[in-house]
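Presented below is the structure to which this report refers.
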Amino acid sequence: MNGILNRWQILIASTIINLCVGAVYAFSIFALPLTELFNVSMSTIMVAFTINAAISPIPMILGGRMVDKGKAKTAIFVGGALFGGGFILSGLSTAPWMLYISYGLIAGIGQGIVYSSTIGNTGKLFPDKRGLAAGIVTAGYGGGTIAIAPVANLLIGNFGVQSALLTLGVAFLLIILGCGLFVKPAPTGYLPEGWIPPAKSGKGSAINTPWHEMIKKPIFYVIASMFLIGALSGMMVTSNASVIGQTMFGLTAGAAALYVSLYSLSNCLGRIFWGAISDKIGRTYCLMMIYIVIAVLMLVLAQATSVTGFAIAIIGIGLCFGGTMGIFPSIVGEKFGMKYYGVNYGVTFIGYSGAAFFGPRIANSVAEANGGMFTNAFYIALIISLIGLLLTFVFKNMEVKQQKQDTTLTPAS
């Protein structure tokens with residue numbers, strides 16, 4: 001039965017699906033037109049984006065469980081219907097609170113189910129190339145805005161923001177459900193033809209830890225905190241990239257949309273780039289580098305007076321945000337094992353949800369208090385990134401202690 005399973009076809013279909021759900025990163029394209037449509041503040045509109053991102057762990061856990069039960073296709077259909085339907089309802093919204101339900105809640109739940117389903121199923125189909133496959137699928141998610149941002153901006157300019165949301169919702173619904181037909185759930189214990197799993201030495205191998213035991217371990221809270229800090233700056237910029245470009249650097253809406261796509265491209269490439277670096281130097285040292293780079297680039301962004309400075313900062317921050325999203329799945333699998341990975345990563349994803357909740361709120365609140373300028377928000381992100389750097393030393397120390405315990409507990413051969 002395994003011989004007729006075209007896992008590369010499934011990988012391609014899953015990547016295209018993630019390109020659609022990755023459209024949530026293009027929200028800054030819709031933000032300004034929505035504030036004008038409803039005559040409300042930016043912070044009021046950004047609540048929709050905040051809700052969308054903040055609820056992620058709940059549907060991710062659900063999607064992960066469905067994958068574990070061999071229902072990856074069903075999960076994609078359910079999640080895709082919710083995601084596309086959420087965008088359609090957003091286009092029909094007549095008040096911000098309706099956006100909170102449609103874009104925030106409905107599309108957010110659908111996004112989480114689809115994202116965890118594609119990642120979980122792909123991981124099971126590529127035990128021999130898990131890093132490569134996961135990198136491609138998550139890069140699709142991170143790179144969705146590359147195509148969506150200019151298309152959305154074109155639709156908004158010609159037909160208005162509501163028609164743009166409605167049109168995109170229909171397109172997402174058709175594409176996700178269509179590609180979902182090509183997805184097949186990974187058979188239990190699937191092994192690619194001709195591939196023999198490497199023998200486990202026991203040394204340094206992760207113990208499969210269920211979520212209720214994982215949350216009792218101090219290292220879990222350090223990991224979740226590092227995840228929050230690593231994603232925070234990315235969420236601050238992701239949700240406001242177009243607005244920052246227009247209000248602080250004088251870009252037109254069209255030019256700002258191109259920079260949003262540029263940010264999305266760097267976010268996409270960062271998952272592959274930093275993933276490869278972490279394979280060479282280790283996850284912890286890689287995170288140290290990411291926090292340092294973020295701190296430096298936040299300073300550059302705060303001090304920048306030209307579009308060049310804005311471009312350099314937004315590319316670098318996008319690379320680091322992508323790297324964060326690409327590294328932590330590996331950390332969770334390495335520290336807590338793969339048996340309960342779907343649920344464990346969903347629980348750990350609370351760190352990202354915290355960033356999604358606080359990042360946009362911090363940026364918008366500071367900007368509103370300073371005449372629309374985000375400069376002080378960048379300084380806040382700089383300080384938080386340095387705190388993340390300090391946490392990596394704590395994490396490294398915990399890793400060393402754990403390795404010593406494993407060595408002590410491992411019987412001599």
Of Val170, Phe349, Gly84, which is farthest towards the positive pole of the chain's charge dipole, taken about the Cα centre with +1 and -1 on the beta-carbons of Lys, Arg and Asp, Glu respectively? Phe349
So for the chain, averaging the separation of alpha carbon pairs under 8 Å that are six or more residues apart and normalising by length, what relative contact order in percent results? 24
Environment charge at Gly342 (Cβ cut-off 13 Å; Lys +1, Arg +1, Asp -1, Glu -1): +4
Of all accessible surface on the chain at a 1.4 Å probe, what whole percent is carbon and sulfur? 69
Nearest 10, in degrees from 0 to 90: the angle of helix 7-21 to the longest Cα principal axis of the chain is 30
Evaluated at 4 °C and 1.567 mPa s, the Stokes-Einstein D of the chain based on the Kirkwood radius over Cα pairs, in µm²/s, stands at 60
So what is the orientation-averaged projected area of the stretch 249-376, using the convex hull of its C-alpha atoms, in nm²? 8.6
Compute the accessible area per residue over the chain, keeping the other protein chains in place, probe 1.4 Å, unit Å². 41
Any lysines with Cα under 17 Å of the Lys73 Cα? List them, leaving off those in the same chain fewer than 8 positions away. Lys124, Lys184
Hand me the trypsin sites (Lys or Arg not before Pro) from the stretch 104-202 located in a DSSP loop with no more than 14 other Cβ atoms within 10 Å, in residue order please. Lys200
Heavy atoms only, 1.4 Å probe, whole protein assembly: order Ser306, Ser233 by accessible area, highest first. Ser306, Ser233
Would you mind checking the radius of gyration and Dmax of the stretch 319-413 based on alpha-carbon positions, in Å? 18.2, 67
Kirkwood hydrodynamic radius over Cα pairs of the stretch 308-367, then Stokes diffusion coefficient at 25 °C and 0.890 mPa s, in µm²/s: 182
Between Glu36 and Thr375, take the C-beta separation as r, use R0 = 35 Å, and let me know the FRET efficiency to the nearest 0.05. 0.90
In straight Cα distance, which lysines are under 25 Å from Lys404, not counting same-chain residues fewer than 8 positions off? Lys200, Lys203, Lys216, Lys217, Lys280, Lys335, Lys339, Lys396
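The values are calculated or read from the model by the stated rules, or taken from the named source; none is laboratory data. Model, not experiment: these values are computed from the prediction. Glycine also receives a Cβ, built like all others from the backbone with ideal geometry; neighbour counts cover every protein chain displayed. The accessibility values were calculated without ligands, DNA or RNA, using every heavy atom of the protein model including side chains. Shrake-Rupley method; radii C 1.70, N 1.55, O 1.52, S 1.80 Å.
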